[in-house]
Structures are given as structure tokens and as C-alpha cells.
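Comments concern the structure below.
Coordinate-derived values only; no laboratory data. Being a predicted model, the structure only gives us computed values, none of them experimental. Note that each Cβ is placed from the backbone with ideal geometry, even for glycine, and that neighbours are counted across all protein chains shown.
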Amino acid sequence: MTAEALFWFWVILGASVGAAIGQKKNRVGAGIFFGLILGPMGWLIVAVGRGRSACVFLLAVPIPLLLSLAGCRKAPPPSPLAPPMGKRPAVDQKKMDPLYRAAKSMQASQTVGVNYQKFGELMQAFATEISIAKDRASSQKEQRLVTSYAAALVTLHDSSVLWKERIDDSRYNFIPAGRIFVEQSIAPIVAKYSLAKKTHKGYGRPWESISAASIQILWSKASEQIDAANKLFYEEESVPQAPGAQRSLSP
């Protein structure tokens, strides 16, 4: 039998027996009350007590004893409420802002169009900001952000290699317009991105080429990588908020 069931058993038994004894004494109410509160001791009080003597006896009983017999327990202290949660950037945006802006400049160059030299300058600035941010990254999320931008830089560099090869190919008449000759220096890039190749015959041996649009294919991939990194830049995390704080934790 559980403690709770045992408690209620004695409550009902005490009140019932007390009522039975009190009925004989024409004191049913007192019998229920003392039987409920004191159990067997209450039965005795009702059986032998007269008038106010029972009440005087009750006042003499220590209160802790009454509480103990009644099964009373001190309520546990309420659990502290969890502090309200706020939002803040997962990375230090002020610290990583130059890297973010350099990446956006690379994306803009693909939209408005730049020459090969300007593209190289923007890519160099992007690489510099990645290097600086790598040294400044102080958390795993900031390191992850830098790594994501660095992956986009690799793709952009590969596109610049293809672009340079296209410029060099313009000197040869046997290479069709809009094609890039697949020589040994760009073969790993062609394989890396699974770029479609075309086989040509002539000039003593077969040779292969890829479409000049392969450069834009790599730009699109790099832009997707930058977009993914930008999401990390704006990602928020939940943090405990100080009591009474109403404004956002964003800097």
C-alpha cells in the first residue's frame, strides 16, 4: 500500500470510529473532528472528555505533532522559472563584415560584368579578407563561415583558370569560337566539375574542348556557395535574456 493510500485509510477510519463513539456521547461532530485529527487519541478524548476539556486537551497537543498525524508536509519550493530567451547573431557580424562585403562584390561582378584583370583584383581582395577572417574567427560557427567563403573562392579561382585559357586560345585559329581547348593544365578542373567535353579530329591527333559557358557554370556554383555562407552570416541563435530586457540582443 502506498503512503498516500495509507494516509487516506487512516483518515476515513479515524473519522468513522470517532463518529461512532461520538454518537453514543451525542457528540457526533466532535467525534468526527477528533477522530480525523488525532486518530485513536481522538477517540479516547471523545470517549472520556466532557465539555470544553477536550478542547483544552487539543490545545495542549504540539502543533508539529498534529501536522505529523495529519500527514502534512511542507510544500517544496517552486522551481525557478527559466529565463526568457532572446536572439542574437551566431557570429560577430561586425568582425566578419569586411569578408561579407568582399563576397558580395564578387557576386556583383558576375552580374554587371568585369574584365579579366578586374575579376582578378576582386578575387585577390576576397582572398585577403578570408585570410584575415580566418585569424579572427573565435568560435566554431565563425570558422565554419570562413570555410564556406573559402570554398566559394576555390570555385572562383578555377573559373579564372578557364577564363585565362580561353584568352590564350584566341591566338589559335583551329579552336572553334566559343570553345576552350582542354589541355593538361585545366583537365583536373574539367573532371572536378564534370564539364561536358567535345572531341575534335585534326592536326595529327584527336583533341578535346569544353564550352566557354563553363566559366559561367562555375560562377553560378560559386554564387550558390556564397549565398549559403551569407545565410550563416545572418544566422541567429537563442540565448538567455536578462530580466527586463526588451530590446534585441543584436548589435
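Quick notes on this one:
- Residue order, fewest to most surrounding Cβ atoms within 10 angstrom, among Asp92, Asp158: Asp92, Asp158
- Unsatisfied cross-links (Cα-Cα over 19 Å) in the set Lys94/Lys118; Lys164/Lys201; Lys104/Lys192; Lys118/Lys164; Lys95/Lys141: Lys94/Lys118; Lys164/Lys201; Lys104/Lys192
- The stretch between Thr147 and Lys198 holds 14.9 nm of extra length on full extension. This uses 0.36 nm per residue minus the Cα-Cα distance.
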